[in-house]
1. Just a yes or no: is a residue in region 338-353 in a loop (DSSP other than H, G, I, E, B), touching a Lys or Arg at 6+ places or on another chain (Cβ under 7 Å), surrounded by 14 or more Cβ atoms within 10 Å (Cβ to Cβ) and modelled with pLDDT of 90 or more?
2. So, restricting to strands (runs of 3 or more DSSP E) that lie completely within region 50-161, which ones have at least 1 residues that are farther than 25 Å from LYS355 by Cα?
3. Of everything in region 127-163, what is touching a strand residue (DSSP E or B) at 6+ places or on another chain (Cβ under 8 Å), open to solvent by less than 10 Å² (accessible area, probe 1.4 Å) and not polar (S, T, N, Q)? Give them in sequence order.
4. How many residues are within 17 Å of the chain's Cα centre (by Cα) and either among the polar types (S, T, N, Q) or not in a loop (DSSP other than H, G, I, E, B) (or both) when one looks only at region 303-317?
5. I'd like the residue in region 244-279 that is open to solvent by 10 Å² or more (accessible area, probe 1.4 Å) and hydroxyl-bearing (Ser, Thr, Tyr) and, out of all such residues, is modelled with the highest pLDDT.
6. Identify, from the list GLU202, GLU263, GLU282, GLU239, the residue that is within 22 Å of ASN130 (Cβ to Cβ) and of a type in the set (D, E, K, R).
7. For residues in region 320-329 being open to solvent by 10 Å² or more (accessible area, probe 1.4 Å) and not in a strand (DSSP E or B), which is farthest from PHE49 (Cα to Cα)?
8. Do you know which residues across region 212-232 are small (Gly, Ala, Ser), over 16 Å from the mean Cα position of the chain (by Cα) and surrounded by 17 or more Cβ atoms within 10 Å (Cβ to Cβ)?
Amino acid sequence: MGFSGSNGGISNHKKMAIGFSGSCGGVSNSHTSLSTKQNLLEELDISYFINNICNLKCRHCYVGYNNKNDELSIKEWKNVFGELIDMGALTFGNVGKEPLLSWDKTKELLYFLAEKREKISKLRFGIVTNATLMNKKIIKELAEIMPNYIDISLDGTKEKHDYIRGKGNFEKTINNIKLMHEYPRLLEKVFIIHTLNNHNKENLPEFFKTSYGFGLKNLLISPYIPTPKGNGELNISDEKIVEIYQKIANGRIFDFNKFNDLEIIIKNDYDTTKSIMDKLVEKETIDLKNLFIDEYGVIFNKYEYGTNRVIINYLPINDVFTKQIRISHDGYVSNCYAQFFENYPERKEVIGNVKEKSISEILKSFR
């Protein structure tokens, strides 16, 4: 993932997150000029599907793979995670499909990772959720575990969000976020994940003002990517995305004088948004001469406005399997893109299954 530039440090800001696994815990306070650290594939970044079920039917859902059965057991997941940690994995993101539908399993794996983090301080983990199923009990348990990040999906103000995710879901999510105010440290870990599309593209200023009013200061924006099962009315052109990203970076969408301590992250991905990254480089919104890299290998530029900042991440190479790995609920190892398709297990991007081979054997030829 990549970011747009400035020459200062990030030391005055909390750790943030970018990666295959949603926000992922990404740009850390420890970073250096890219020219002084050339090993871009130093740390493994693991995203995993704990299940393949969801309580919503979002118009922009990218998952085309329909199998809901054959889930890995908790023991199998722990074995895979343990092996990956031995191989150098430091980032684990529970990205799907809806982790709160399998909360007992999700929770046990989060506790497992929290125990590992006590010994490996750099290890980070989190979840991606629509948060409609959160409740006081789950929030209390999350506060005990204290994941490095909690990505919550919001796609605009009430009207825009509910059009995409179903009537009444904006209120459910916001009401559950309000419950998190009892745990201020946990609330700080929340990143709002916003899928930019043709339906909500004009809604950003109003949406973020609303989010800020609920105490949410971290926003990650990524574009809607058309998929085989996709919704054509949500399609948004690369040119429009680049125009919006430029306006955000240049302070022309948000009035930063009205905010404090905002983190606005523009997320890129080599498989699905390389053409957008290339255009941002061409426009010099991504400044290749002024890139930084953090301790997890996240490459970025940044724009600072008082205590607020805009981060644009940049991926110069395809790092799937050498750095970033996706594991499905039923054990397939792939990139993210392969899950767009119904025939997911048969696709060339799927390189093995942890039920049949160890993860180290599967990744051996790529590491």
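The values are calculated or read from the model by the stated rules, or taken from the named source; none is laboratory data. Note that the structure is a prediction, hence the values are computed from the model and not measured. For neighbour counting, all protein chains shown are included, and Cβ atoms are generated from backbone atoms with ideal geometry for every residue, glycine included. Areas reflect the complete protein model, heavy atoms only, side chains present, ligands, DNA and RNA absent. Shrake-Rupley method; radii C 1.70, N 1.55, O 1.52, S 1.80 Å.
1. Yes, because at least one residue in region 338-353 is in a loop (DSSP other than H, G, I, E, B), touching a Lys or Arg at 6+ places or on another chain (Cβ under 7 Å), surrounded by 14 or more Cβ atoms within 10 Å (Cβ to Cβ) and modelled with pLDDT of 90 or more.
2. Ranges flagged: 124-129, 149-153.
3. Matches in region 127-163: ILE127, ALA131, LEU142, PRO147, TYR149, ILE150, ASP151, ILE152, LEU154, ASP155, GLY156.
4. 4
5. My answer is SER275.
6. Within the list GLU202, GLU263, GLU282, GLU239, the selection yields GLU263.
7. The selected residue is THR322.
8. Once the filter is applied, which keeps residues that are small (Gly, Ala, Ser), over 16 Å from the mean Cα position of the chain (by Cα) and surrounded by 17 or more Cβ atoms within 10 Å (Cβ to Cβ), region 212-232 yields only GLY230.
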